[in-house]
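Structure first, commentary second.
Just so you know, all these numbers are worked out from the coordinates, no wet-lab data involved. Keep in mind that this is a model prediction, so the values were computed, not measured. Positions of Cβ are backbone-derived with ideal geometry, glycine not excepted, and every protein chain shown enters the neighbour counts.
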Ligand code: ZN
């Protein structure tokens, strides 16, 4: 894995959390993007060479809504940048990790993404992500 690409944080209300993170990080939210397949809105903040991604559900039953209902707002996942997502998915699967999606899917921020089941990762939801332009 190349580096921590971003940390995802589940929030209820962008109108409160975006200003909060802008003042916490002392930087403006530079991008907002809806990911329809996941029923989430995302808001990104740059911090050094990594990012914070806020996630807000667009539906009552979305994954983020369900997460907040169970655990409350807070840290949702850690995303690692990888050179080749297919290679990394194969490697992790052969190491016994459980992938939540069999094929990479389109995520926010022009990325292909894959999630690992948190039951094999000490309860931490892990996202792999790769820039789409590097796929041939
Ligand atoms: Zn993410």
Inset, instruction - Rounded to the nearest 10 degrees, what's the angle between the helix 14-25 long axis and the longest principal axis of the chain, both from Cα atoms, 0 to 90? - result: 80 degrees
Legend entry - Whole-percent pair-distance distribution, where bins are 5 Å wide, for the alpha carbons of the stretch 59-136: 3, 15, 23, 24, 18, 11, 5, 1
Legend entry - Tail beyond 22 Å, pair distance distribution of the chain (Cα, percent): 36 percent
Inset, instruction - Please label the shape of the stretch 1-56 as rounded, prolate or oblate, based on the square roots a ≥ b ≥ c of the eigenvalues of the alpha-carbon gyration tensor (a/c under 1.5 means rounded; beyond that, a/b larger than b/c means prolate, else oblate). - result: oblate
Legend entry - Tail weight of P(r) past 17 Å, computed on alpha-carbon pairs of the stretch 78-119, percent: 23 percent
Legend entry - Pairwise label distance in nanometres, residue 110 with residue 132, each label 7 Å out on the Cα-Cβ vector: 0.9 nm
Inset, instruction - Describe numerically, in nm with one decimal, the distance between label points set 7 Å from Cα along Cα→Cβ at residue 102 and at residue 2. - result: 2.8 nm
Inset, instruction - Just grab the label-to-label distance for residue 75 and residue 61, each label 7 Å out from Cα along the Cβ direction, in nm (one decimal). - result: 3.1 nm
Legend entry - Principal-axis tilt of helix 85-94 within the chain, Cα atoms, nearest 10 degrees: 70 degrees
